[in-house]
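In what follows, a single structure is set out as C-alpha cells and then discussed.
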Amino acid sequence: MLIMPCRGQIGGVGCGRRLIFGTLYPAYYSYKAVKSKDIKEYVKWMMYWIIFALFTTAETFTDIFLCWFPFYYELKIAFVAWLLSPYTKGSSLLYRKFVHPTLSSKEKEIDDCLVQAKDRSYDALVHYGKRGLNVAATAAVMAASKGQGALSERLRSFSMQDLSTIRGDGAPAPSGPPPPGSGRASGKHGQPKMSRSASESAGSSGTA
C-alpha cells in the first residue's frame, strides 16, 4: 500500500510507527484470518482495511494543509491505534456507523460511475493506441524513404567512382577533334609540299 512520506524528523518517526502498527501488524493478522478461514476475523480485518484505505486517501490532503498543526503526526498514530485496538474496535465502529450505510445508499451510483469510467478509459485507450500506431507507421515510412534516398545516392557515388577508375586504368581515349596545336603544325609542314607541286605543274606546261 502506498504510504505518503511525512515531513521532518517527527513525521519520519510517525511514518515508521504507522507503517508497523497500521500496515504490517494488520497484514499479518489478515494472513492468519485467511489461513484459518475464520469468517469473524476475516470480516473484522476487511472492515479495518476499508477504513484504513479511506484514512490514507484523506491523509494525502491533510498532510499538505495540516502538517503545521501541533501534534499532528502523534494524533494520526493515536487514530491508527484506536482503529486497531480490540477494546475500542474503532474500525468496526466507523464502518458500521458511517461507511456501510453510505456505500449501501450510493452503491448503484458508484457502480454506474465505475462502468462509465471503464468504458471511457477503454475508448481513450483505443483512440490513443490508434494515434500512436499511425504516428509510428508514419515515422517508419519517412525513415525508410530517407534511408532509401541516402542509399541510392551512395550507390550512385560508388558507380561514378568505379567508372572513373576504369577509364583511368587503360581504356582508349575517346575519338574527337585533335588539339589546336597539332592542326597548326600539320598545316605548316604541308604548305611547302603544295607549293612545290604547283611549281612543277607550271614548268611542265611551259615546256609543252
Please determine whether any residue of the range 99-112 is among the hydrophobic types (A, V, I, L, M, F, W, C), closer than 22 Å to residue 27 by Cα and surrounded by 12 or more Cβ atoms within 10 Å (Cβ to Cβ). yes
Taking the range 33-49 and keeping only residues that are among the charged types (D, E, K, R) and part of a helix (DSSP H, G or I), one is left with 35, 40, 41, 44
For residue 65, indicate whether it is more than 16 Å from residue 24 (Cα to Cα) and of a type outside the set (Gly, Ala, Ser). yes
(1) within 29 Å of residue 22 (Cβ to Cβ); (2) at pLDDT below 90; (3) of a type outside the set (D, E, K, R) all hold for residue 102 apart from (2)
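Quick check on my filter: what residues within the range 66-82 are without any contact (Cβ under 8 Å) to a residue 12 or more places away in the chain and part of a helix (DSSP H, G or I)? Spell out the reasoning first.
Here is the first cut: in the range 66-82, the ones without any contact (Cβ under 8 Å) to a residue 12 or more places away in the chain are 66, 68-72, 75, 78, 82.
Passing the criteria: 72, 75, 78, 82.
The values are calculated or read from the model by the stated rules, or taken from the named source; none is laboratory data. Here the structure is a predicted model, which is why all the values come from computation and not from measurement. We place every Cβ from the backbone using ideal geometry, glycine too, and count neighbours over all the protein chains shown.
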